[in-house]
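One structure below.
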Amino acid sequence: MLKLKYLVENFDLARLALTHWAHDDRTLEEKLRWFRISSNAVYPFDDADGRLCFLRLSPAAEKEEGELRGEIDFLEYLRRRGYPAMRPVPSVEGELLLSVDSPDGLWYASVFAGVPGHPLEELPMTPTLAGEYGAALGRLHGLSMQYEPPAARRSDAEVLKWCQQTLQAHRAPAALLEKAQETAQLLNDKPRSRESFGLVHYDFEPDNVLWDGSVCHAIDFEDSMLHFYALDLVQALDEMEEDFHAAFLAGYRSACPQAEVSEADFPLMRRFRDLYAYARLLHSLSEKPEPQPEWMPELVARLEDMRRRREENIMK
């Protein structure tokens, strides 16, 4: 999540960025109202042909250009290989990522075409659907095993280094720092192979996978990083009822039998996830807008509760 100071709508910035993409002015104001802001600001709009697209705005103070370009490179690779991932849309200048200089600072802008279907989180889970969900992740990992990511892509070690720096900057309990250091050492000591370690989605959860009745479409690859494939399985499994785990894993194994993934690694993956989430919450809560919107104190309270629960998980 972005720092709280960025969680305020900025329609002027969205309109400025969209001067670089063909769009339907007649529906623009209505569509922009359905924005959401979390790890980025996302504004829906219709393109010139009436197709739903999403403008994503990322503050340069929070995001690294190399990582954003790396995400787009991976998406382009997946689509060339026939994987149903979200499609980056070029600007009128032919660019997939633009820098937008505004009165509110420098922002990175990109646009993605809407994908068909409904998020899995909105659908009743069944063994058949869980199997398709697992197979979609398996196919993704199979393609990742053949992909050579740009040098700019971050790794588990770099993410944990950022976590440790964030914990220190915000005077987190020493016990949490010790857990972060221990986690980094455990991950560093694990053997790595093309079949066990590569570019993971990181957020392959039911809200980022859409089912159109026959195919799972994946969106939101921004958090992708170099890590153990087991991390993606943990993220997905922990969002499903246990009754569907066997079907999900069977689907995954059928689509990617070469994957070297052990359930014995799941607790370590969960600790990494909780440490990263805890550090991101600290970062988000560190700066609030002035004046604060009326709704923000309630959000702060929810985030503080999430932070406490993550700390409890880490210390188990």
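The values are calculated or read from the model by the stated rules, or taken from the named source; none is laboratory data. The shown structure was predicted, so the numbers you read here are calculated from the model rather than taken from an experiment. Using ideal geometry, Cβ is built from the backbone for each residue, glycine included, and neighbour counts are taken over all protein chains shown.
General observations
- Taking the criterion of being at pLDDT 95 or above and of a type in the set (G, A, S), the only residue of region 285-316 that qualifies is A301.
- Scanning region 96-122 for residues that are within 23 Å of L2 (Cβ to Cβ) and among the charged types (D, E, K, R) yields D101, D104, E121.
- A search for C-beta distances below 7 Å between a residue of region 149-165 that is outside the structural domain of G198 (by TED's automatic domain parsing) and surrounded by fewer than 18 Cβ atoms within 10 Å (Cβ to Cβ) and any residue that is in a loop (DSSP other than H, G, I, E, B) and among the charged types (D, E, K, R), counting only pairs 6+ apart in sequence or on different chains, returns nothing.
- Positions within region 120-156 being of a type in the set (A, V, I, L, M, F, W, C) and touching a strand residue (DSSP E or B) at 6+ places or on another chain (Cβ under 9 Å), in sequence order: L120, L123, L129, A135, A136, L137, L140, M145
- Within region 106-164, the set of residues being of a type in the set (D, E) and either under 24 Å from H217 (Cβ atoms) or at pLDDT 95 or above (or both) comprises E121, E122, E132, D156, E158.
Every residue, every condition in (1) closer than 16 Å to D223 by Cβ; (2) touching an Asp or Glu at 6+ places or on another chain (Cβ under 8 Å); (3) not small (G, A, S), yes or no:
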position	(1), (2), (3)
L2	yes, yes, yes
T27	no, yes, yes
F54	no, no, yes
D73	yes, no, yes
L78	yes, no, yes
P84	no, no, yes
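- Selection within region 75-101 - surrounded by 18 or more Cβ atoms within 10 Å (Cβ to Cβ) and farther than 16 Å from A113 by Cβ: Y77, V100
- Filter pass, L52 being farther than 28 Å from D238 by Cα and not small (G, A, S): yes
- Complete set of residues in region 64-109 that are within 19 Å of L137 (Cα to Cα), among the acidic types (D, E) and touching a residue at least 24 places away in the same chain (Cβ under 8 Å): E71, D73
- Residue within region 224-239 that is under 19 Å from R310 (Cα atoms) and more than 17 Å from the chain's Cα centre (by Cα) present: no
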